[in-house]
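The values are calculated or read from the model by the stated rules, or taken from the named source; none is laboratory data. Since the model is a prediction, treat every value here as computed from it, not as a measurement. Positions of Cβ are backbone-derived with ideal geometry, glycine not excepted, and every protein chain shown enters the neighbour counts. These accessible areas exclude ligands, DNA and RNA; they are computed on the full protein's heavy atoms, side chains included. Shrake-Rupley method; radii C 1.70, N 1.55, O 1.52, S 1.80 Å.
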Amino acid sequence: MNCWTRRQFGSLVGAACLTAVAPRVARSQARARVVVIGGGIGGATVAKYLAANAAGIEVTLVEPKARYTTCFFSALYLAGMRSLESLTHGYETLAQRYGIKIVHDFTAAIDPVAKTVDLKSGGKLPYDRLVLAPGIAFKFDAIEGYDEPATEIMPHAWIAGPQTELLRRQLDSMEDGGVFLIVSPPNPFRCPPGPYERASLVAYYFKQFKPRSKILILDAKDSFFEQELFQDAWVRHYPGMIEWLPAQFTGGIKAVDIKDLSVKTAGDTFKGAVVNFIPPQMAGGLAQQAGLADQSGWCPVEPTTFESKLQRGIHIVGDATSGGDMPKSAFLANSQAKVCAFAIAAALTGSARFAPHLFNTCFTFLAADDAVSDAIALEPEGGTIKISEILISEVGEDAETRRQVVQAANGWYDAFTHDVFG
Ligand SMILES: Cc1cc2nc3c(=O)[nH]c(=O)nc-3n(C[C@H](O)[C@H](O)[C@H](O)COP(=O)(O)OP(=O)(O)OC[C@H]3O[C@@H](n4cnc5c(N)ncnc54)[C@H](O)[C@@H]3O)c2cc1C
């Protein structure tokens, strides 16, 4: 029998071996059925950790895409430092090594009373427990002129794949001397340092190939995560190339015009040669449709089990969740997924429960040989989740320290994606 060791089950300090006892569901002899919707970071991790460690559970993973491309490290692709293929992962190992049933389909609806999931192709999947990890959706009605067709002209590239490729093509064909305009969304949104890492690495690319070009960031906010670290790096690596305008300066983002590639703020209109418009965000569409999101647009969850606070028997992990201090990151989605898998195994097989511990580490590239990191530990507290420890890189660190973070980041990518898909 497999069991979770401390090493394998990083987010569960003190986790003991799950015993493969008969499931607590009514159907005699049958294995409990867990259906996981969404084969991104959160969903694939829940599926893998349940299938690998709880023998009494049959796991089905529903994901429309045949292969998953990571958003993390996509800025390296935009800068020409990695191929998209190197960021793309399949589901073969999850199926073959862990026996997970992979269904490549889109989940159209959930019936929490009948405990079934409707697939777009017409099939139906029964479940004893359901996990949703649908990621994010965009609020297309929030900014005048930015609807779904507009993403083909002004890509968001905030869900990796064809959008990221489109943005790369636009940057490649942009003339030297052009302005790359990034619109950064209001909080909360997927990957708080993401827009600014993207600006840094596109500047790295411009510095080599289009040195007269500029980057303008129009922000919906007045400050951003790791601001001092970024602004220090922009002065050191890309003097005069990146300009950041906060909402208090522009008066906020009001509208876009895809015909002349312009973004209108309260005060001015800004034109770009390439416009990367990252819209305001909310939990993925299925979570909204199933009534799992509250007025904030995100899904409130119990901090020790990731069970929905709005619908019992349904768990939610990843960016779609809301709760206290949790940032929307792949690392945390993976950490949440392990806590969730452990709680589901306990509920269905009677294995022991343990206090969950959540962690997040983000590596952020400022240039090819300059990266910073932030690490946080989080704990359940008063019905929500709070940061208990924090460790962040500092302005003024020497070049060798930053090179070591680059090495750690590359090692992390391989180990992390193996943990999720391997
Ligand atoms: C530019 C950028 C850089 C980033 N860098 C980092 C980083 O360095 N470190 C880090 O930790 N995080 C980073 N992130 C954040 C990270 O990518 C997300 O936090 C992570 O992907 C969240 O995982 P998830 O499972 O919630 O969603 P996703 O990984 O997006 O997965 C959601 C999945 O659900 C599927 N799905 C949606 N609806 C349905 C449906 N109805 N039926 C079936 N399937 C469905 C989708 O196809 C998708 O595969 C970055 C993000 C961006 C945009």
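Couple of notes before you dig in:
- Lys120 vs. criteria over 25 Å from Lys328 (Cβ atoms) and open to solvent by 60 Å² or more (accessible area, probe 1.4 Å): yes
- Checked against (1) within 14 Å of the ligand (Cβ to nearest atom); (2) open to solvent by less than 10 Å² (accessible area, probe 1.4 Å); (3) outside any helix (DSSP H, G or I), Val59 passes all but condition (1).
- Taking strands (runs of 3 or more DSSP E) as the structural unit, those lying wholly within the range 254-312 and holding at least 1 residues that are over 22 Å from Asp141 (Cβ atoms), out of contact with any helix residue (DSSP H, G or I) (no Cβ under 6 Å at 6 or more places or on another chain) and open to solvent by 20 Å² or more (accessible area, probe 1.4 Å) correspond to 269-271.
- Unmet criterion (only one of (1) out of contact with any Asp or Glu (no Cβ under 7 Å at 6 or more places or on another chain); (2) open to solvent by 10 Å² or more (accessible area, probe 1.4 Å)) for Val131: (2)
- Thr361 being modelled with pLDDT of 95 or more, farther than 17 Å from Gly43 by Cα and among the β-branched types (Val, Ile, Thr): yes
- Residue among Asn410, Asn360 that is closer than 26 Å to Tyr77 by Cα and surrounded by 20 or more Cβ atoms within 10 Å (Cβ to Cβ): Asn360
- Single residue of Tyr68, Tyr98, Tyr91 found to be among the aromatic types (Phe, Trp, Tyr) and surrounded by fewer than 19 Cβ atoms within 10 Å (Cβ to Cβ): Tyr98
- Restricting Gly318, Gly285, Gly291 to those that are more than 11 Å from the ligand (Cβ to nearest atom) and within 17 Å of Ile37 (Cα to Cα) reduces the list to Gly291.
- Search result, residues across the range 92-127 that are in contact (Cβ under 8 Å) with a residue 12 or more places away in the chain, among the polar types (S, T, N, Q) and outside any strand (DSSP E or B): Thr93, Ser121
- Restricting Ala341, Ala330, Ala346 to those that are open to solvent by less than 30 Å² (accessible area, probe 1.4 Å) and within 17 Å of Phe189 (Cα to Cα) reduces the list to Ala330.
- Condition broken by Lys221, with the remaining ones in (1) part of a loop (DSSP other than H, G, I, E, B); (2) touching an Asp or Glu at 6+ places or on another chain (Cβ under 9 Å); (3) of a type in the set (D, E, K, R) satisfied: (2)
- Restricting the range 171-194 to residues that are assigned to a helix (DSSP H, G or I) and crowded, with 20+ Cβ neighbours inside 10 Å, the residue that is nearest to the ligand (Cβ to nearest atom): Gly194
- As for the range 245-258, it holds no residue that is closer than 21 Å to Phe277 by Cα, under 24 Å from the mean Cα position of the chain (by Cα) and of a type in the set (Phe, Trp, Tyr).
- Only one entry in Lys271, Lys254 is touching a residue at least 60 places away in the same chain (Cβ under 8 Å) and farther than 14 Å from Ile153 by Cβ, namely Lys254.
- Number of residues in the range 17-62 that are at pLDDT 90 or above and small (Gly, Ala, Ser): the value is 10.
- Flag if Ala75 is out of contact with any helix residue (DSSP H, G or I) (no Cβ under 7 Å at 6 or more places or on another chain), outside any loop (DSSP other than H, G, I, E, B) and of a type in the set (A, V, I, L, M, F, W, C): no
- Qualifying position, being in contact with a helix residue (DSSP H, G or I) (Cβ under 8 Å, 6 or more places away or on another chain) and either part of a helix (DSSP H, G or I) or without any contact (Cβ under 8 Å) to a residue 60 or more places away in the chain (or both), among Thr417, Thr401, Thr361: Thr361
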